[in-house]
Amino acid sequence: MNTRHEITLLSPESIDGFQSIHLTGTEAGGDWSVRSRILHGGLQEGVEVVEINNGHLSFSVLASRGMGIWKGQCGEVTLGWNSPVKMPVHPKFINEQERGGLGWLKGFNEWFVRCGINSMGAPGTDVVLDYSGNEMEVPLTLHGKIANIPAHAVSLTVTDKEIILRGDVDETMMFGYALRLHTEIRTEFGSGAMSITDTVTNLGDNPVEHEMLYHINYGETILEEGSRFIAPYKKVVPRDPRSTEGGVDTYNVYGPSQIGFVEQAYLHQLAGTESEQETLVMLQNADATQATVLRYSLDDFPCFTLWKNPAGKKDGYVTGLEPATNFPNSRRFERQQGRVISLQGGESRTTVMKIEALEDPQAIENAAAEIEKLQATVEGTLEPQPLPDFSG
Amino acid sequence: MNTRHEITLLSPESIDGFQSIHLTGTEAGGDWSVRSRILHGGLQEGVEVVEINNGHLSFSVLASRGMGIWKGQCGEVTLGWNSPVKMPVHPKFINEQERGGLGWLKGFNEWFVRCGINSMGAPGTDVVLDYSGNEMEVPLTLHGKIANIPAHAVSLTVTDKEIILRGDVDETMMFGYALRLHTEIRTEFGSGAMSITDTVTNLGDNPVEHEMLYHINYGETILEEGSRFIAPYKKVVPRDPRSTEGGVDTYNVYGPSQIGFVEQAYLHQLAGTESEQETLVMLQNADATQATVLRYSLDDFPCFTLWKNPAGKKDGYVTGLEPATNFPNSRRFERQQGRVISLQGGESRTTVMKIEALEDPQAIENAAAEIEKLQATVEGTLEPQPLPDFSG
Amino acid sequence: MNTRHEITLLSPESIDGFQSIHLTGTEAGGDWSVRSRILHGGLQEGVEVVEINNGHLSFSVLASRGMGIWKGQCGEVTLGWNSPVKMPVHPKFINEQERGGLGWLKGFNEWFVRCGINSMGAPGTDVVLDYSGNEMEVPLTLHGKIANIPAHAVSLTVTDKEIILRGDVDETMMFGYALRLHTEIRTEFGSGAMSITDTVTNLGDNPVEHEMLYHINYGETILEEGSRFIAPYKKVVPRDPRSTEGGVDTYNVYGPSQIGFVEQAYLHQLAGTESEQETLVMLQNADATQATVLRYSLDDFPCFTLWKNPAGKKDGYVTGLEPATNFPNSRRFERQQGRVISLQGGESRTTVMKIEALEDPQAIENAAAEIEKLQATVEGTLEPQPLPDFSG
């Protein structure tokens, strides 16, 4: 593997800010490109974006929003959704505490958003230590901070095989936590897939809690009436009474866009391969000609949540596939259930997520068969009602 | 009408940020100019401003502060005031929730400020729906957000007759609201007047509440001891007991600057023309040689508030003329009174406000006569005490 | 004294932003330099820094963080510490209200930080007047705002004797306060010392409360096991029960780095010279080969706090020397004790602080003798327990 380009796009040591580049080439029968630039106007003023096109699959990474991914495209398949929030929002404009801890929603419009990394999930009061070591109640905000922290270091590598974007994001506070996210986003030329390898490190000496959820969101084109979510489940639990409406039995099938639709969520325990705990989930359109697949290890992300929000097309018509270290309840609740990770001083944790866009009915059938095979290894249970240890 | 210049100053699609331009010319016997630039230093770092001079009237639009207008000048007439906040404040430095929901006051120093557009008025708790459709109590902050959202699109048109500045500002939130303000600020060469045409659109599918108030503020030169506010009123109601002090009968006359003065406010129902509900109000200086007039339709802005704050000259010596969709009480209170507008999905609402600077005693006399004529069509009532449906 | 350079680095009137300069020269046997630049990446994006090297002592002033001083170096002596917060944080990313009013800690990593200037100290509820003159309870946040307000004016003077950096920072709010900090940081060529002359002015007409604390922080190299703090005290009072642990008698000696250490604080009344109330305090390393000395007048800063936090080396291993107008309790408590200053309309208050880095055992011995001489003029009391008028 030969390295063709090795470019520092952003470094805290450099006298220069984010670099605007434009690389192009032809590989694997396609024209690839990488373009980086800074967005302007309104709340996107200053957002640093890296647009990667491997010749087949393209996507835009928002360095300024914790290395989240704004949107992607693979042939006819759209990776992303239309939010009422029209443009990427620079973190300097976000107040997470707004609207009762829901300020995160003012910047929510990406295809791939990390939630965490010290806390994520529903807003709620939690107990932390103040600077004098005294317990204090503080309001944790929806889905934590990492999506609203700009990366301080971003670099690009292009080899003769793939494009690799790396970034570092610090979530730190004196008397609080010192967590660093290092991400590596890789995609091979001509491929319909990409991988996201995240390493979270506790830079401090004290143990620190860590939660991570990938909020991976799809609207049109994959989401439509008749779209279907398929996963090898051990157990599926509706999050709340609302999520039992319409019947849990058909929870994985999507109805039409409905103005005023109230979201539903389904908490999953998934089945994985015996050896590596590898699993996969798929969202496919109505006639199974478009799909997206997530592949990952249950060791990395033991909890999965399906979020259904087929609301009005202009109000955020969207569904979320959400692999995570735990369920997106308040951190206090998740701690009580023993699901919150603690990283020791200096400890790192590395996870891998593969995302595929499928445009070929045969590939979709194959993935469905693969899921079916995993499903056959366990007895799947659809719980008709919420369970007290799954949500609360 | 021939277009001479058509310039995009800011576009979210452009690779460039806010454009610095400097246009000049001579028209209607005056030298006109338009200059755009970015302010630097302290809390004004990054503020995008467009300075327009029609050859007679000049004013500075703050694109970064929701297209508000910082200050203006027309001959000897100063349009604006001196706030303890010395420079325009970039929204990235404003936390509306500060000081019990009064954070808006840290950026308050403009001549013309829009309050709204999803809520405005006094801070107060209101009930909204969270992402799960559950009611939640949230603290709404003073005068809403629109003044602290940067425009994402700004363009300039210069014809052989007038200068037109247009801007778009989005106030949006997933699971909240999706409102867009489009404004057109027009001024003819050599004129002492300008017009502001605002269109607010609900970009979403769900109905959304909408409140708008124009906070139009004057200190010296128009405000001085003996200045007088004149309006054709059906009813004037003091907002609170404090506003009855000094006598409601003379509410429209200004005393001297008084260190420690506590603000007073008077809520107005105005009279308009029978056909179009057109009205006008005027603030004039002591000897009626300087004045400002607002002209608008009561269909657009049925409520008017006069804000009196002749405090110390260095503490914000100012009075506000405030046409609005409703009174600047908390949104909850205004909803209870049936005064809050709701925009249906896709619905737009367009309003027009004309602002004039008068430097000629005869013109001021004419405007006073015009107001008197409207006053003669209705019986005006000065309420001696606050009324429960006007403020609370 | 001849002026060699007189440079405006930042002015709110200028069409240009912060100037990047690089001056060098040789003086007093050393190569001096001044370099100004803007930092990039992550939360330091946009931070304006001025790096001053007098040929012997070097330090970096953060114009964007209220003219605080990030870190310094004098020969082998490091002036500063390692915070879990790795880079200077631009104020646009700070929400002081976060984590129960502790948001200030997300930007805390400087050697020299001003706390204030309208309030400082522990977070706590206080009563202020709203815009209608009514009392309202508001939560004041840890250590106030001044460290998170960018300077709006910065200028540099280089004479044949010294380097002088000046800056202005406004802390203002309509219906609140209008305070301006003007600072002058001076250092002579080849010297190991610098002085900070601060003038705080009430720009308004109404009286305004004012609190100021200098949070001057040291980790390695001066801080190590066996380091010692020396001051001429009248009275030393532990802040809380925690600060009595380990014995108040040896409060001024530092133990080893200890992961999970909970901070201790000691409130001092110091002795000063009879004529000018001049005092000095010193922090020295274990073998008294490195030290730092603060010299100032008790008229300027009557209260002194020693903050001990020898925690894990990666969690913020640090001690703070904190001269102040009052103790860093909540403003409400300090007001009750009669320690909060009020500035009348237009009033200014000027203070001077000299900071020295000592690298020579003899110089350290001399300073210790100087302190001892002052100590001999008073009877020093070490209180074994907290006192109700010192902390609460």
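The values are calculated or read from the model by the stated rules, or taken from the named source; none is laboratory data. Here the structure is a predicted model, which is why all the values come from computation and not from measurement. We place every Cβ from the backbone using ideal geometry, glycine too, and count neighbours over all the protein chains shown. For accessibility, only protein heavy atoms count, side chains too; no ligands or nucleic acids. Shrake-Rupley method; radii C 1.70, N 1.55, O 1.52, S 1.80 Å.
Some values worked out for this structure:
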quantity: Residue, modelled with the lowest pLDDT, within segment A:6-32, restricted to residues that are in a strand (DSSP E or B) and open to solvent by 30 Å² or more (accessible area, probe 1.4 Å); calculated: A:Glu27
quantity: Any hit, segment C:296-310, residues being open to solvent by 10 Å² or more (accessible area, probe 1.4 Å), within 14 Å of chain A (Cβ to nearest Cβ) and either in contact (Cβ under 8 Å) with a residue 24 or more places away in the chain or touching a Ser or Thr at 6+ places or on another chain (Cβ under 9 Å) (or both); calculated: yes
quantity: Pairs with Cβ under 7 Å, 6+ apart, first in segment B:28-50 and within 20 Å of C:Asp170 (Cβ to Cβ) and within 9 Å of chain C (Cβ to nearest Cβ), second surrounded by fewer than 19 Cβ atoms within 10 Å (Cβ to Cβ) and among the charged types (D, E, K, R); calculated: B:His40/C:Asp16
quantity: Filter pass, C:Ile149 being among the aliphatic types (A, V, I, L, M), more than 16 Å from the chain's Cα centre (by Cα) and either open to solvent by 10 Å² or more (accessible area, probe 1.4 Å) or within 14 Å of chain B (Cβ to nearest Cβ) (or both); calculated: no
quantity: Checklist (1) open to solvent by less than 10 Å² (accessible area, probe 1.4 Å); (2) at negative phi applied to A:Met67, failing item; calculated: (2)
quantity: Segment A:50-82, subset among the aliphatic types (A, V, I, L, M) and assigned to a strand (DSSP E or B), residue nearest to A:Met194 (Cα to Cα); calculated: A:Leu57
quantity: Subset of segment B:327-346 (residues that are in contact (Cβ under 8 Å) with a residue 40 or more places away in the chain and small (Gly, Ala, Ser)); calculated: B:Ser330, B:Ser342, B:Gly345, B:Gly346
quantity: Strands (runs of 3 or more DSSP E) completely within segment B:164-244 that count 2 or more residues being at pLDDT 95 or above and either within 14 Å of another protein chain (Cβ to nearest Cβ) or under 30 Å from A:His90 (Cα atoms) (or both); calculated: B:177-188, B:193-202, B:208-218
quantity: Those residues of segment B:339-360 which are outside any loop (DSSP other than H, G, I, E, B) and over 19 Å from the mean Cα position of the chain (by Cα), in sequence order; calculated: B:Ser342, B:Leu343, B:Ser348
quantity: Filtered residue count, segment B:311-329, keeping only those that are buried (at least 22 other Cβ atoms within 10 Å of the Cβ) and within 13 Å of the chain's Cα centre (by Cα); calculated: 7
quantity: Any hit, segment B:36-48, residues being assigned to a loop (DSSP other than H, G, I, E, B) and hydroxyl-bearing (Ser, Thr, Tyr); calculated: no
quantity: Search result, residues across segment C:209-235 that are more than 23 Å from C:Trp81 (Cβ to Cβ) and open to solvent by less than 10 Å² (accessible area, probe 1.4 Å); calculated: C:His210, C:Glu211, C:Pro232
quantity: Flag for A:Ala265 being small (Gly, Ala, Ser) and part of a loop (DSSP other than H, G, I, E, B); calculated: no
quantity: Tally of residues being open to solvent by less than 50 Å² (accessible area, probe 1.4 Å) and not aromatic (Phe, Trp, Tyr) across segment B:236-261; calculated: 13
quantity: C:Lys308 part of a strand (DSSP E or B) and more than 23 Å from C:Ser257 (Cβ to Cβ); calculated: no
quantity: Close pairs from segment A:125-136: first more than 7 Å from chain C (Cβ to nearest Cβ), partner surrounded by fewer than 16 Cβ atoms within 10 Å (Cβ to Cβ) and of a type in the set (Asp, Glu), Cβ under 6 Å, at least 6 apart; calculated: A:Thr125/A:Glu137; A:Val127/A:Glu135; A:Val127/A:Glu137
quantity: Residue in segment B:279-293 that is touching an Asp or Glu at 6+ places or on another chain (Cβ under 7 Å), within 14 Å of another protein chain (Cβ to nearest Cβ) and over 30 Å from B:Val127 (Cβ atoms) present; calculated: no
quantity: Selection count where residues are open to solvent by 40 Å² or more (accessible area, probe 1.4 Å) and more than 7 Å from chain B (Cβ to nearest Cβ), scope segment A:79-94; calculated: 1
quantity: Search result, residues across segment A:107-141 that are open to solvent by less than 30 Å² (accessible area, probe 1.4 Å), of a type in the set (S, T, N, Q) and more than 18 Å from A:Ser391 (Cα to Cα); calculated: A:Asn109, A:Asn118, A:Ser132
quantity: Total residues in segment C:95-107, condition at the interface with chain B (Cβ under 9 Å from one of its Cβ atoms) and within 19 Å of the chain's Cα centre (by Cα); calculated: 1
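Results for (1) more than 8 Å from every other protein chain (Cβ to nearest Cβ); (2) touching a residue at least 12 places away in the same chain (Cβ under 8 Å), shown as yes or no for each residue.
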| residue | (1), (2) |
| --- | --- |
| A:Asn2 | yes, yes |
| A:Thr8 | yes, yes |
| A:Ile15 | no, no |
| A:Gly68 | yes, yes |
| A:Asn109 | no, yes |
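Matching residues to (1) in contact with a strand residue (DSSP E or B) (Cβ under 6 Å, 6 or more places away or on another chain); (2) within 14 Å of another protein chain (Cβ to nearest Cβ); (3) touching a residue at least 24 places away in the same chain (Cβ under 8 Å); (4) of a type in the set (Ser, Thr, Tyr):
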{"position": "C:Thr325", "(1), (2), (3), (4)": "yes, no, yes, yes"}
{"position": "C:Arg349", "(1), (2), (3), (4)": "yes, no, yes, no"}
{"position": "C:Glu356", "(1), (2), (3), (4)": "yes, no, yes, no"}
{"position": "C:Ala367", "(1), (2), (3), (4)": "yes, no, yes, no"}
{"position": "C:Pro384", "(1), (2), (3), (4)": "no, no, yes, no"}
{"position": "C:Pro388", "(1), (2), (3), (4)": "no, no, no, no"}
